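For reference, the structure is listed below as structure tokens.
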Amino acid sequence: MRVGFGSPAERRDILEWLEHGLRPGRAGRLAREYPILFRRNPSVFPITLFDGAEPAAFAMLWAVHVRVGVHRLRVGLVSLVYTDPALRGRGYGRRVVEAAMAQAEGLQLGLVVLWSELESFYSPLGFVRAGREDLLVLDIDSIDSAIREVGLDSPAATFTIGSLEDPDWSAIERIRSQRECQIEMNPDEFRSLRSIPDMHVRVARDATGVRGFAIRGRGDDFREVIHEWGGSPAATLECCRSLAEALGPEREILLLGPPGRSAVPWALRRNGARLIRKPLGWARLASLEALSEDLAAFLPGSAGIRLFRMDPSPAGEIRVTSDRGTARVSSRTLLHLLLGSDEPTDGMNASELRSLLAPALAPSALEPLPLPFFIWGLESI
């Protein structure tokens with residue numbers, strides 16, 4: 001097992017091996033799809049398991065700070081988990097995922113998050129379906145109706161809808177910076193995302209500049225999904241309409257958004273867009289010490305909050321202490337409470353934990369749990 005690349009030549013060989021398995025016949029594709037991951041970056045940790053001298057399995061860990069409101073969560077994102085087809089069935093995939101988890105704990109990351117449909121693989125490793133994302137099924141009629149509705153609540157505006165031009169990327173970065181939740185990226189990292197292939201961008205401009213944007217597709221992912229959008233609701237909806245028209249009348253287009261009552265998805269829902277509610281991510285607890293420290297900032301009324309493992313298994317019971325007492329919950333219940341979930345949760349233990357955190361949850365009507373945690377499409381790996 002090796003964390004990092006032993007040499008530039010090894011990096012090249014492993015990348016070619018990955019591309020042969022994941023993007024056959026498309027040399028250089030992975031590096032273009034994941035520009036932050038395959039450049040020199042102290043926050044990125046490639047993990048390779050070798051069988052003899054040859055790579056057998058791989059995983060990538062990206063250590064990030066997720067800004068949620070005015071606070072931050074230390075999170076690890078895992079991607080590109082791959083085992084050579086000739087060597088599957090030997091537990092190599094599990095070993096690289098566990099190595100990524102060990103690396104995350106060593107880096108003091110409180111949570112690890114990934115995206116996959118392989119429930120039979122990740123669930124036994126202690127990962128839990130958690131979080132809430134809204135997927136809306138759109139058509140031109142529902143978008144047009146939403147545009148008319150939004151127009152009633154705001155002064156009439158005429159936008160010019162067009163494809164991305166070089167100066168627009170800075171405007172998109174500025175609009176994104178106003179979000180409640182986002183991964184912190186430096187300007188150079190964000191600029192590198194501009195070159196991701198198969199990304200369809202629309203921007204809405206008026207006399208003052210860029211007022212909204214929407215993005216569909218990025219590499220092999222999100223081909224029929226608007227995964228990034230922002231700006232004024234009317235401008236954003238006009239951009240969504242342009243992307244839907246370009247995709248064609250016979251194909252569905254989806255819009256991915258965070259939970260909550262933000263103007264764009266709610267206008268679409270009120271005007272006939274169909275909601276698909278399905279958690280897309282998997283989460284697992286990593287460093288409980290780091291998570292305790294991060295949660296103390298979110299929950300100032302329970303600054304003494306501490307999390308402890310009651311047994312070493314990833315899905316084991318967690319003891320939560322604060323200045324109000326102690327509660328015991330499963331890892332699954334804790335993740336559902338922190339990140340939100342539509343799946344059944346151990347109600348009694350969740351209520352006990354909420355009671356433990358009561359000073360932080362009242363008297364505000366806007367509870368800090370579940371956290372408004374959401375990964376946008378450009379941030380997703």
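Data for the structure
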{"quantity": "Listed peptides 244-256, 225-237 by packing density, highest first (mean Cβ within 10 Å)", "calculated": "225-237, 244-256"}
{"quantity": "Contour minus Cα-Cα distance for residue 251 and residue 189 (0.36 nm per residue)", "calculated": "19.0 nm"}
{"quantity": "About the Cα centre, charge dipole magnitude for the chain (Lys/Arg +1, Asp/Glu -1 at Cβ), debye", "calculated": "400"}
{"quantity": "Mean-position separation - Cα centroids, region 203-230 and region 105-124, in angstrom", "calculated": "29"}
{"quantity": "Region 265-282 and region 1-79: distance between their alpha carbon centers, rounded to Å", "calculated": "32"}
{"quantity": "Region 2-109: relative contact order in percent, alpha carbon pairs under 8 Å with at least 6 residues between", "calculated": "21"}
{"quantity": "Karplus (6.51, -1.76, 1.60) ³J(HN,Hα), θ = phi - 60°, over region 25-40, in Hz, Gly and Pro reported as x", "calculated": "x, 10, 4, x, 5, 4, 5, 6, 6, 10, x, 6, 7, 10, 10, 5"}
{"quantity": "Furthest towards positive pole of dipole, 199, 260, 49, structure part the chain, Cβ charges", "calculated": "49"}
{"quantity": "Length gained when the stretch residue 13-residue 160 is fully extended (0.36 nm per residue, less Cα-Cα span)", "calculated": "48.3 nm"}
{"quantity": "Value of [θ]222 nm, deg cm²/dmol, for the chain, DSSP H segments ≥ 4, -39500 (n - 2.57) each, nearest 500", "calculated": "-9500 deg cm²/dmol"}
{"quantity": "Residue-span extension gain [residue 270 to residue 118] - 0.36 nm each, minus C-alpha spacing", "calculated": "51.4 nm"}
{"quantity": "Taking the convex hull of Cα positions in region 134-277, its mean projected area over all directions (nm²)", "calculated": "8.5"}
{"quantity": "Per-residue Cβ neighbour rank within 10 angstrom, fewest leading, 119, 238", "calculated": "119, 238"}
{"quantity": "Computed FRET value (nearest 0.05) for residue 309 with residue 3, which takes r as the C-beta separation and R₀ as 30 Å", "calculated": "0.80"}
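None of the figures in this text is laboratory data; all of them are computed from the coordinates on show. Since we're looking at a predicted model, the values are computed, not measured. Because the Cβ atoms are built from the backbone with ideal geometry, glycine has one as well, and the counts that use them run over all protein chains shown.
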